[in-house]
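Everything below concerns the one structure shown next.
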Amino acid sequence: MKMRIVALLLAISMIMLAVSGCTDTGGTGEEIDNPEIGSVSDAVSLDEVPAGFEMIGVRELDSGSVLDGVGSEDTINAASQGIYKNGDDVEVQISAIECADTDAARTLVNDYKNEFNPMAQGERFTEHSFNDHFATRIIWHVTEGGEDVPRYAYVWNTDNMVIQVRGTTSDPNLLFAFAQATGY
């Protein structure tokens, strides 16, 4: 009889321990699922690279090199960039920036978006959903071969980490595939 009571108490304790790890409410009253956030180097090193691309390398960035110079040493703890290239010389960069906290990450994303002027026609920013969150797709134009061609970037924050995906392509779907491949 004592063995059954001990086994029952042990089982109840284990269930309570398991449930307590899955019911973080983050102070909102709603249950949330926080996937573990890795290092900035982990965030830019993809497990599954989109077809035709290979990783060229990972480099560390200083606070003045992230998001076109937006950010400061006060709010950025670490930053890395993964560089991918295909046979057509299309290059995609994934930048991950670890900020001091979630508010600093949100501010960094908003400050970066504020660097862009409104477009004369069309929308510069569009929201896209993937990996259980929203990201902002940004469009701008560059002159290439004497023509105006679009360029895109996806930017979002996950807790205290900001992720940016951009490249030398006018195909937003390719960059979207890289954004999804981050897992963040």
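Quick notes on this one:
- Using θ = phi - 60° and Karplus 6.51 cos²θ - 1.76 cosθ + 1.60, couplings along the range 49-59 (whole Hz; Gly, Pro as x): 8, x, 3, x, 10, 9, 6, 8, x, 10, 10
- Rh (Kirkwood; distinct C-alpha pairs) - the range 46-102, Å: 12.4 Å
- Solvent-accessible area of Leu108 with every protein chain in place, 1.4 Å probe, in Å² to the nearest 10: 10 Å²
- Restricting the calculation to alpha carbons of the range 40-182 gives Rg and Dmax of 14.6, 43 angstrom.
- Solvent-accessible area of the range 40-182 (1.4 angstrom probe, protein heavy atoms only): carbon and sulfur portion equals 40 percent.
- HN-Hα J in Hz across the range 80-94 - Karplus 6.51, -1.76, 1.60, θ = phi - 60°, x for Gly and Pro: 9, 9, x, 10, 10, 9, 10, x, 8, 6, 7, 10, 10, 10, 10
- GluC sites (Glu not before Pro) restricted to the range 103-135 and DSSP loop, no more than 11 other C-beta within 10 Å: Glu115, Glu123
- Charge tally in the Cβ shell below 13 Å around Gln93, where Lys, Arg are +1 and Asp, Glu are -1, Gln93 excluded: +2
- For the range 59-120, the Cβ-based charge dipole about the Cα centre amounts to some 180 debye (Lys, Arg positive; Asp, Glu negative; other atoms uncharged).
- Long-range HN-HN contacts of Ile56 with modeled amide H, under 5 Å: Ile83, Tyr84, Lys85
- Per residue, the solvent-accessible area of the range 40-182 (1.4 Å probe, heavy atoms of protein chains only, all protein chains present) comes to 52 Å².
The values are calculated or read from the model by the stated rules, or taken from the named source; none is laboratory data. Source: prediction; values computed, not measured. Quick reminder, even Gly has a Cβ in these numbers, built from the backbone with ideal geometry, and neighbours come from all protein chains shown. Only protein heavy atoms, including side chains, enter the accessible area calculation; ligands, DNA and RNA are left aside. Shrake-Rupley method; radii C 1.70, N 1.55, O 1.52, S 1.80 Å.
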